[in-house]
Amino acid sequence: AHTSDNVEEEVDDEDDSIPLRTVNSAAHDAKPSSSGAPPPNFRTFSHDDVKGTRAPPSYDDALACAKHLSPELVECITRDLHRTFPEHPLLRAKHGQTALLRVLTAFAAYDPETNYCQGMGFLAGMLLTRVTEPDAYMLLCRYMRGARGLYGSS
């Protein structure tokens, strides 16, 4: 399990009966290409136009860096978790919201210029309903690189 000091806190919820592996299992049926690219049904999120750029750090490395995020930023992200697809069984569940918190804090640690903006949780949440946490993080990083003008200061 991926945890960090600031990210270990779980969000209160009544229903944590839907395991991440069950909800994400359909995504594992799609195989990445031999180049390591996401499966074809996810390519729009990885922006093929960013090929050749340096890959984001691993999910584990980004989570390690997320331990150093300000408590205020982690609190800001945490406040938005319950608003992200509140009717979806995975994202309503405690473990789903914790996974979403980890993906968003890992991204904020990876890209401090963009950091976290309201609305990013919906993209990350949608990804979590289809792929594993590490894959959701990587796809979020790649998507945000292509959407830099929509979020952040640049």
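The values are calculated or read from the model by the stated rules, or taken from the named source; none is laboratory data. Just so it is clear, the model here is predicted, and its values are computed rather than measured. Cβ placement follows ideal geometry from the backbone for every residue including glycine, while neighbour counts extend to all protein chains displayed. SASA here: full protein model, heavy atoms, side chains in, ligands and nucleic acids out. Shrake-Rupley method; radii C 1.70, N 1.55, O 1.52, S 1.80 Å.
Structure summary
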item: Qualifying positions in region 124-139 - touching a residue at least 60 places away in the same chain (Cβ under 8 Å), closer than 17 Å to Leu81 by Cβ and surrounded by fewer than 23 Cβ atoms within 10 Å (Cβ to Cβ); result: Thr129, Glu133
item: Scope region 81-114; condition at pLDDT 95 or above and of a type in the set (Ser, Thr, Tyr); matching residues; result: Thr98, Thr105
item: Elements of type helices (runs of 4 or more DSSP H) in region 70-111, at least 3 residues being small (Gly, Ala, Ser) and in contact (Cβ under 8 Å) with a residue 24 or more places away in the chain; result: 94-110
item: Residues within region 80-114 that are open to solvent by 50 Å² or more (accessible area, probe 1.4 Å), within 19 Å of Ser70 (Cβ to Cβ) and in contact with a Gly (Cβ under 7 Å, 6 or more places away or on another chain), tallied; result: 1
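A quick yes/no check of all residues on (1) under 13 Å from Gln118 (Cα atoms); (2) of a type in the set (D, E, K, R):
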| position | (1), (2) |
| --- | --- |
| Tyr59 | no, no |
| Ala62 | no, no |
| Leu73 | yes, no |
| Cys76 | yes, no |
| Glu87 | no, yes |
| Leu91 | no, no |
| His95 | no, no |
